[in-house]
Amino acid sequence: MGCTSSNAVRVEDEIPRSQSVIRSVVLIQKWYRRYLARTEARRRCTWTIFQSIEYAGEQNQLKLYNFFNTMLGQMDTDDIGQPKILRALSVSQRPAKIDTKTLEEEDHVLMRESDPDSIEVESSYRGVHLTFPLTQAQLQSLINSFKTKQPLHAKYLIQLLLETRTALKQKANINYATTSISKQITVCGDLHGKLDDLYMIFHKNGLPSVHNPYIFNGDFVDRGRNSVEIAVILFVCFLINKNEVYLNRGNHEDHVMNLRYGFVKELVKKYSIHASKVIHLFEDVFSWLPIATIVDYKILVVHGGVSDTLDLNFLATIDRHKFLSILHPPRGGNDTSKLSDTELREWKLILDILWSDPRAKHGCHDNTFRGGGSYFGPDITDYILTKHKLKRIIRSHECKPDGYEFTHNNKVLTIFSASNYYEEGSNKGAYVKLHGSDLEYQLVQYMTSKGANRKVTFAQRVTKVESSAIVNLREKILGSKSEFLEEFHKLDPEKTGKVTQHDWCTVMGSILGMDLPWRTLRPKLARCDEKGMVAYDTTFEEMRIYHRYSGNGPTVTEMLYRQKDNLESLFRILDRDNSGQISMEEFNEVIQLLVKQQNVNCPLDQISDIAKSIDLNHDGKIDFNEFLEAFRIVDSYGKFSEVQRQELMSISSMDSIINMKNCSFSMGTKRRVSNLDDIKEFK
């Protein structure tokens, strides 16, 4: 009996202990699930911030050119009083129809202007010496040379561009790729100047060959630091394997986009005295890139997407190379009312192919998020596939967290090959292999890393990317500080300095034009009191805009800071010789037109004061690189960020900087200053 009683007691003790363990496990699971859910919510919010800022920039670029095109349509181009910036924008790109004679004349002019034989290769050059026809060994040498940061000489780059142009001219608007020999083909999305990603693809998948064909689906350049190197490698791959490497045009193979998003700036930096020749050649080569590729008559590969008006037979007839920029009407005409119905149809079709995005909603609508192209729904996808007897669409154009995304019942695949696109750790890159008789998908993901191969947790990566997104968002907010305060003051007539959270969110969204989860973001941007009212001044307290030429008031400074990208685009259009300088007159005209476009109240004398303050040596020239680099976001104490300070210190030692009395370094760019205070601030 005693033994039985003892066993009963032990069993009774075990029951609550087991329940306790189970309860603990359940609690831990709930906590962990909530933790993952919160982290995922933060990741998605961060992604929305980055994407909204990116697309707002593209939309702004389109709005800017639409504004100038409208102005040009209202002006007589023969008027001698027309501003130089408008005359520069109204230059005809190409004739409406280009016959054989015109092409021969164009080739002759291009060869005469480029003339690689006139460029001498210095004895100090240690890079690759290209010889034509190119070989696989030269491709490997180029890759190794770029790994050691040795650029290709201007002579060989010009030769390569001329050879590429000649080969591309033989291609139709639509490539027709086949897997009859290779039994597979690889499709890569946007690379955007990220050379490490291209190296990763070749490391995992091998170099292009007869048995390993590739389709590169546009956006090779802009944003990244190595756009030139990527373009060179892809062009060399194409010339070696003309029937196994297919290059589609993206929306960034466009001179106007290159002016804004970094490719022109990179060419000027890397090729200095030969930059004008190289820029002109790239502009021309991009206009010869095919628009689409069809694989085995089953899969359509285009950069952006489709629309309800897509007709591949009509696309095949378009003179594609008259579009140096898709943002400009064909022929460089600026009055679209003078274009024929056929010309308008051509322009819209190419714009849709390069700029469109898929959406879940049925139908075809204007792409208001980007400002160009269309949104196309699953019904449009079905219609286009049925019309042209195709099975699927592969497109790029949109960064995705996993490097790819299936939509429209798996009939549309977005593939994006630039990892760490917004920030290190923000997204994976991917490519897709199509194999088998039915061209089945095999997706490969990767993420390149700058540092050592240390493990970074998902939460750590989210935190880092989130911090970067918040900083970028704060910069956008500061660019419109005056507008924000004006709206807040209307909602706060008693000047309490506080508004409701709902009002704060409404103002933030309306001024920036960004549909973000502002209530979720509020704790990271502004403080609330115990009653939940937002102290709106705290939205701007951590940072402020620093600019040495800000004596004309905060509104003007904010406008100029906010329009930095637009200013650079316009300045580079006027800077035909790529000297980095424009005249005082041209500077004044650009600012006046920008003020008019932004509808900002800025008296002419203020614009003149800004110009004079920049022209320190009184030579009548504006160093606009210096002007653009002069803008900085600093913390609330007026100090530059640690990142800026470290970049400054990496240029030169502080002692050598202080010894240069009238010179300052700003993010790697030398510029003149009026006193030593700006330099000592970094000490």
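The values are calculated or read from the model by the stated rules, or taken from the named source; none is laboratory data. Here the structure is a predicted model, which is why all the values come from computation and not from measurement. Note that each Cβ is placed from the backbone with ideal geometry, even for glycine, and that neighbours are counted across all protein chains shown. Please note that ligands, DNA and RNA were not included when accessible areas were found on the heavy atoms of the full protein model with its side chains. Shrake-Rupley method; radii C 1.70, N 1.55, O 1.52, S 1.80 Å.
If I stretch the segment between residue 519 and residue 36 completely, what's the gain in nm (0.36 nm per residue apart, minus their alpha carbon distance), one decimal? Write down the numbers at each step before the final one.
Values: separation 483, 0.36 × 483 = 173.88 nm, distance 2.03 nm.
Full extension of this stretch gives 171.9 nm more.
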* **Flagged links, alpha-carbon separation over 32 Å, of 322/450; 155/322; 194/564; 524/621** => 322/450; 524/621
* Which trypsin sites (Lys or Arg not before Pro) from region 384-489 combine a DSSP loop assignment with at most 10 other Cβ atoms within 10 Å? -> 389, 450, 454, 455
* Between the alpha-carbon centers of region 360-382 and region 453-523, tell me the distance in whole angstrom. => 29
* **Candidate lysines - alpha carbon under 22 Å from residue 387, same-chain residues fewer than 8 apart omitted** => 298, 348, 361, 411
* Asked: Put a dot 7 Å past each Cα toward the Cβ at residue 148 and residue 172; how far apart are the dots in nm?
  -> 4.5
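Round to the nearest 0.05 the FRET efficiency obtained for residue 297 and residue 577 when R0 = 60 Å and r is the Cβ-Cβ distance. Can you show the working numbers first?
On the way: r = 48 Å, r/R0 = 0.81.
So the FRET efficiency works out to roughly 0.80.
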* Among DSSP beta bridges lying fully in region 322-441, give the percent that are antiparallel, nearest 5. => 65
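Which percent of the accessible area of region 167-257 is formed by carbon and sulfur heavy atoms (probe 1.4 angstrom)?
Result for region 167-257: 48 percent of the exposed heavy-atom area is carbon or sulfur.
Quick one: accessible area per residue over region 451-544, 1.4 Å probe, rounded to a whole number of Å²? Can you show the working numbers first?
Values: 5340 Å² over 94 residues.
Result: 57 Å² per residue.
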* To do: Tell me the trypsin sites (Lys or Arg not before Pro) within region 159-192 that lie in a loop according to DSSP and have at most 15 other beta-carbon atoms within 10 Å.
  => 183
* To do: Mind ranking 437-447, 233-243, 302-312, 113-123 by how tightly packed they are, going by the mean number of other C-beta atoms within 10 angstrom, highest first?
  => 302-312, 233-243, 437-447, 113-123
* Rounded to the nearest 5, what is the percent of antiparallel bridges among the DSSP beta bridges in region 377-487? -> 80
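Students often check this: by mean Cβ neighbours within 10 Å, which of 152-160, 43-51 ranks highest, and how do the rest follow? Working shown, then result.
Working: 152-160: 22.0, 43-51: 19.0.
Result, highest mean Cβ count within 10 Å first: 152-160, 43-51.
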